[in-house]
Amino acid sequence: MVLSAAGWAPVPIRTHIITEKDDIVDVVIKYTRPVAESGDIIVIAESPVAISQGRAVLSSSMKSGLLARFLSKFPDKDGSLGTPEAMQLAINEAGKFRIILGAIAAALGKLLGRRGDFYRVAGRDLAKIDDIAGTLPPYDRYIVPGPKNSKEITEKIYEKTGITTVIADINDLKCVDILAISGKVKERELIEILKNNPLGNDDQQTPIVVLKRIRTREAV
């Protein structure tokens, strides 16, 4: 078991392949009930939440326009909008006007040596779009935007379990975006804990993690 920062240890929870037929609240409670206890933190990857809401879009069904094909040439290779289909989804989500303003802001920001202006202007939710790479089949052919009503979901799980619950967008570049927290944990502390990305949306099939505080000998 790899230890997280700040004295926490992650317990990855393997699940079935979550689909739009699942209620994510019921899924999380079912799989964490044998493991999670008071004082733990339940962390849920954002993509399965969005998938359970029916938000995944088959890439081949997304018809990309000229604007999407043009703008998709500019994001970094590690970005999530590097294909015309993903950029078209961003346009559908935010509208052409905001996307064009974001692109202009990104170009000006690049001249100043600054990053992230596209999302600051076009909308931070667009950064949560997951392109087709790095996702467990059959969703390796889908583009997945961020989930809706994240706070409502964490609140329901927290009310039913009494255990702090979090929905997070994490990648292997140590970037952590907390979408919602219900319970007793500070966002700054949580970001530090999750930098090593204990979640696994690929063949690990562990989109849920229970964080347990490591008890020191002095605390026992």
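Any read-out appearing in this document is the output of simple, stated calculations on the displayed coordinates, not a laboratory observation. Everything numeric in this text was worked out from a predicted model, so none of it was measured. A quick note on method: Cβ atoms are made from the backbone with ideal geometry, for glycine too, and the neighbour counts reach across all protein chains shown.
Here are some notes:
- Net charge contributed by nearby residues that have their C-beta within less than 11 Å of Leu194 (K/R +1, D/E -1): -3
- Secondary structure note: in segment 42-193, about 70% of the DSSP beta bridges are antiparallel.
- Expected-Rg normalisation [2.2 N^0.38 Å, Cα atoms] applied to segment 1-62: 1.37
- Taking 0.36 nm per residue of separation and subtracting the Cα-Cα distance, full extension of the segment from Asp76 to Phe97 would add 5.4 nm.
- Enclosing the Cα atoms of segment 161-201 in their convex hull gives a volume equal to 73 cubic angstrom per residue.
- Sorted fewest first by neighbouring Cβ atoms within 10 angstrom, Val27, Val49 come out as Val27, Val49.
- Distance distribution P(r), the chain, all Cα-Cα pairs, bin width 10 angstrom from 0: 8, 32, 33, 19, 7, 1, 0 percent.
- Here the sum of -39500 (n - 2.57) over DSSP H runs of 4 or more residues, divided by the residues of the chain, equals -10000 deg cm²/dmol at 222 nm, to the nearest 500.
- Long pairs among Lys73/Lys212; Lys148/Lys186; Lys21/Lys73, criterion Cα-Cα beyond 31 Å: Lys73/Lys212; Lys21/Lys73
- Within segment 57-143, the percentage of alpha carbon pairs spaced more than 23 angstrom apart rounds to 18%.
- Residues within the reach of a label modelled at Ile104 (point 7 angstrom out along Cα to beta-carbon, backbone nitrogen below 16 Å), restricted to segment 122-154, are 122-123.
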